[in-house]
Each structure stands twice: as C-alpha cells, then as structure tokens.
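Trainee: My questions will all concern the structure given below.
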Amino acid sequence: RKIEQTEPNTISISDLEKAYKKADGALHTALGLLLETGIRIQELLDIRKYDLRDNGRIVINGKGAKQRIVVTSPEVSDELRELCKNKRPEQLIFGGYYYCQRELRHDIWAVLRQTGSQCKQASPHAIRHTFATEIAKQGENVITLAKMLGHNNIRTTQRYIDTAQTET
C-alpha cells in the first residue's frame, strides 16, 4: 500500500528573515546556520569546535554516521568561531547555550512568534523543509539536493523538487 506524501511544512522566507534579524547571541548563529545549510537540529547541536574548517566549511556528522560538508556565509562562520573561541577542540559549540533540541525549538518558536509569524509549526525541521524547497525552486537537481541534505534515498528528496515545481 502506497503512503501518500504530504507537502513539506515550510515557513515563509520573510518570517525567517525577520526572526533571524530579531534573534541574538547563540540563537542568531543557530538560526543563520539552519537557514543557510538546511542541517538537522541534532546535527547543529552535535557540531564541535574541531568540525569547523576554513572558508565557512563545516563537517556535519549526520544520520547513520555519515559525514558531509556544508558551507556557510562568512558572517555565520565568524559567529561560530566567536561562540567557540574559549572552548577546547572536542567541545560542542552550542554546549552551554542549548543542551537539547527542546530548548532550541522553544527559542526558535518564540522568536518567530515575536515577528508575528502565522506559521502553524515553527520548528527547526520546518526551516530544513524551507531550505530544501527554496534550493529546489532555484533548479537544483535531486542528486545534489539529496547530498546537501544528507539523504540516502532520492525519493525522500524528490518531494521538495515536486513541491517546487507545483509552486512555480
């Protein structure tokens, strides 16, 4: 029996940009990283100082012990380096700010609400869906998008391509 896939839950780009501008400190950095890379919330929380590379590249340890490299802007890269300047290489960058997904989810939801966002599910995963849908709208192919998101199965990624095609 085929399970029908629903359209990914996304948040408007304008709401996300307002939230990013309103956020400060570690939340600002976390939101920037989620917006620019589409990484999962747990992948963000698992980033250690030694995962940061030159030119805004970050080693992400994804599901199934798979690693991939994501690239972020100089601004977010500088903020990450500032957050971890007094940390040892093996320490979590967001350790001391967020200890679990629930705390970060709550802060993201709160800052989106402060911007007047009407989104029903203001979650980090909705930010991931928004990232993937926007990249698909730009015409990125399914294989490259799957690699960016750390997906094993192309069918998981195809829904973003399908959503982008119906919206254009």
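The values are calculated or read from the model by the stated rules, or taken from the named source; none is laboratory data. Keep in mind it's a predicted model, so treat the numbers as computed, not measured. All Cβ positions, glycine included, derive from the backbone under ideal geometry; neighbour counts span all protein chains shown. Accessible surface is based on the protein model in full, side chains and every heavy atom, while ligands, DNA and RNA are left aside. Shrake-Rupley method; radii C 1.70, N 1.55, O 1.52, S 1.80 Å.
Trainee: Residues A132, A122: which one is surrounded by 13 or more Cβ atoms within 10 Å (Cβ to Cβ), within 14 Å of the chain's Cα centre (by Cα), under 18 Å from R40 (Cα atoms) and at pLDDT below 85?
Mentor: Details: A132 fails: at pLDDT below 85.
Residue meeting the stated conditions: A122.
Trainee: Of all residues being surrounded by 20 or more Cβ atoms within 10 Å (Cβ to Cβ) and in contact (Cβ under 8 Å) with a residue 40 or more places away in the chain in segment 84-106, which is nearest to L35 (Cα to Cα)? Just the residue, please.
Mentor: To start, the set of residues in segment 84-106 that are surrounded by 20 or more Cβ atoms within 10 Å (Cβ to Cβ) comprises 84, 93-94, 98, 104.
Keeping just the survivors that are in contact (Cβ under 8 Å) with a residue 40 or more places away in the chain gives 93-94, 98, 104.
Details: I93: 17, F94: 16, Y98: 18, L104: 14 Å.
Taking the candidates together, the pick is L104.
Trainee: A further question follows. In the set A164, A132, which member is of a type in the set (G, A, S), under 17 Å from P8 (Cα atoms) and touching a residue at least 60 places away in the same chain (Cβ under 8 Å)? Before the answer, list the steps.
Mentor: Numbers: A164 fails: touching a residue at least 60 places away in the same chain (Cβ under 8 Å).
Only one candidate qualifies: A132.
Trainee: Tell me, which residue of segment 57-67 that is in a strand (DSSP E or B) and at pLDDT below 95 is farthest from L145 (Cα to Cα)? Walk me through it before giving the result.
Mentor: Applying the first criterion (in a strand (DSSP E or B)) to segment 57-67 yields 57-61, 67.
Adding the requirement that they be at pLDDT below 95 leaves 61, 67.
Values: N61: 17, Q67: 15 Å.
The residue in question is N61.
Trainee: Okay, moving on. Output the residues belonging to segment 140-157 that are assigned to a helix (DSSP H, G or I), more than 17 Å from Q67 (Cα to Cα) and out of contact with any helix residue (DSSP H, G or I) (no Cβ under 6 Å at 6 or more places or on another chain).
Mentor: If the condition is that a residue be assigned to a helix (DSSP H, G or I), more than 17 Å from Q67 (Cα to Cα) and out of contact with any helix residue (DSSP H, G or I) (no Cβ under 6 Å at 6 or more places or on another chain), then R155, T156 are the ones that fit.
Trainee: Looking at S123, S73, S117, which one is over 18 Å from N9 (Cα atoms) and touching a helix residue (DSSP H, G or I) at 6+ places or on another chain (Cβ under 7 Å)?
Mentor: On the way: S123 fails: over 18 Å from N9 (Cα atoms); S117 fails: over 18 Å from N9 (Cα atoms).
Of S123, S73, S117, the one residue that is over 18 Å from N9 (Cα atoms) and touching a helix residue (DSSP H, G or I) at 6+ places or on another chain (Cβ under 7 Å) is S73.
Trainee: A follow-up question, please. So which residues in segment 107-116 are in a loop (DSSP other than H, G, I, E, B) and either surrounded by 17 or more Cβ atoms within 10 Å (Cβ to Cβ) or under 17 Å from the mean Cα position of the chain (by Cα) (or both)? Working first, answer last.
Mentor: Applying the first criterion (in a loop (DSSP other than H, G, I, E, B)) to segment 107-116 yields 115-116.
Answer for segment 107-116, where residues must be in a loop (DSSP other than H, G, I, E, B) and either surrounded by 17 or more Cβ atoms within 10 Å (Cβ to Cβ) or under 17 Å from the mean Cα position of the chain (by Cα) (or both): just T115.
Trainee: When you look at D15, is it open to solvent by 60 Å² or more (accessible area, probe 1.4 Å) and not hydrophobic (A, V, I, L, M, F, W, C), yes or no? It would help to see each step written out before you state the result.
Mentor: Details: open to solvent by 60 Å² or more (accessible area, probe 1.4 Å): no; not hydrophobic (A, V, I, L, M, F, W, C): yes.
Here the answer is no, as D15 does not meet what is asked.
Trainee: On to the next question. Can you tell me which residue is least open to solvent (accessible area, probe 1.4 Å) among those in segment 142-159 that are modelled with pLDDT under 85 and within 24 Å of I58 (Cα to Cα)?
Mentor: T157
Trainee: So D54 fits all but one of (1) touching a residue at least 60 places away in the same chain (Cβ under 8 Å); (2) exposed (fewer than 13 other Cβ atoms within 10 Å of the Cβ); (3) more than 21 Å from L149 (Cβ to Cβ); what number is the exception?
Mentor: So the condition that D54 fails would be (1).
Trainee: Taking E75 as the residue in question, decide whether it is at pLDDT 95 or above, assigned to a helix (DSSP H, G or I), on the phi < 0 side of the Ramachandran plot and surrounded by fewer than 20 Cβ atoms within 10 Å (Cβ to Cβ). If you could, list the steps in order and put the result at the bottom.
Mentor: Numbers: at pLDDT 95 or above: yes; assigned to a helix (DSSP H, G or I): yes; on the phi < 0 side of the Ramachandran plot: yes; surrounded by fewer than 20 Cβ atoms within 10 Å (Cβ to Cβ): yes.
Considered against the rule, which asks whether it is at pLDDT 95 or above, assigned to a helix (DSSP H, G or I), on the phi < 0 side of the Ramachandran plot and surrounded by fewer than 20 Cβ atoms within 10 Å (Cβ to Cβ), E75 comes out as yes.
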